[in-house]
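Inspection log for the structure reproduced underneath, given as structure tokens.
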Amino acid sequence: IAVAHDIKKNYDNKYGINCEVQFPLVPFSEHSGSKEELCKTYNVPADAKIVCMVGSIKDMKHPETILDAVAMFNCEEMAQHNPHIVYAGSGNMLESLKEKAKEYGIAERVHFLGFVPKEDVNRIFKMADVYIIASDFEGTSVSLLEAMYNRKPIIASDAPGINNMINDGESGLLFKIGYAGEVKEHLITYFTQPQIAAKLSDGA
């Protein structure tokens, strides 16, 4: 069994088999609490523009791209938008990201929650203003589907398994894998033009 057509194709070609495609069916629900309450719970400023990543903190997910993008904000942009990053997940890049945040001088803007149980992930989406997925490949990303369900403005890498779910300029904004400058530009677009953020989250 494969969870996406791309994965089926890869497995069929590699092993000479004929996988059946079964999409992952995970029930989603919207959290009933407020952003303010959740920010207090997770020790994030309530007036922050919160950018979230949900998933494993590992190389192929490129979590550093989000950190690099926020580090590119100048002093005026930092003051105006007050961006904060919330990483909901664990993995082998966790410690290096913490060190990188310190080197950039933005450690107070980066919140590492570690592993978040499935039943609590909707809290993160309720609290977040923007969802980012920066992977170089996905099958069928459950966190992306959940971001869409929660009507979050999405910034996503133009990668297989993602660009067949998100149409650039219709249901989200795509960027070239690893290009933090593009991510920063997309964040500024969402922060300064809420009508675009609302339109694209509706499209998703």
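Below are the figures for this structure:
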{"quantity": "Residue ID - farthest from S143 (Cα to Cα), chosen from residues in segment 1-25 that are surrounded by fewer than 12 Cβ atoms within 10 Å (Cβ to Cβ) and among the β-branched types (V, I, T)", "calculated": "I17"}
{"quantity": "Selected residue (criterion: most open to solvent (accessible area, probe 1.4 Å)) from residues of segment 101-123 that are charged (D, E, K, R) and out of contact with any Leu (no Cβ under 6 Å at 6 or more places or on another chain)", "calculated": "E103"}
{"quantity": "Sole residue being in contact with a Pro (Cβ under 9 Å, 6 or more places away or on another chain) and touching a residue at least 60 places away in the same chain (Cβ under 8 Å), chosen from L145, L173", "calculated": "L145"}
{"quantity": "Some residue of segment 61-73 being closer than 21 Å to S135 by Cα, among the β-branched types (V, I, T), out of contact with any strand residue (DSSP E or B) (no Cβ under 6 Å at 6 or more places or on another chain) and open to solvent by less than 80 Å² (accessible area, probe 1.4 Å)", "calculated": "yes"}
{"quantity": "Residue among K98, K126 that alone is touching a helix residue (DSSP H, G or I) at 6+ places or on another chain (Cβ under 8 Å), among the basic types (K, R) and either within 27 Å of D202 (Cα to Cα) or open to solvent by less than 40 Å² (accessible area, probe 1.4 Å) (or both)", "calculated": "K126"}
{"quantity": "Evaluation of E138 against (1) within 22 Å of L200 (Cβ to Cβ); (2) among the acidic types (D, E); (3) modelled with pLDDT under 95; (4) open to solvent by 40 Å² or more (accessible area, probe 1.4 Å) (one fails), failing number", "calculated": "(4)"}
{"quantity": "Long-range neighbours under 8 Å by Cβ, at least six apart or interchain, first residue closer than 23 Å to V183 by Cβ within segment 36-52, second among the hydroxyl-bearing types (S, T, Y)", "calculated": "V51/Y131; C52/Y87; C52/Y131"}
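The values are calculated or read from the model by the stated rules, or taken from the named source; none is laboratory data. Since we're looking at a predicted model, the values are computed, not measured. Every residue, glycine as well, gets a Cβ built from its backbone with ideal geometry; the counts of neighbours run over all protein chains shown. Accessible surface areas use protein heavy atoms only, side chains included; no ligands, DNA or RNA. Shrake-Rupley method; radii C 1.70, N 1.55, O 1.52, S 1.80 Å.
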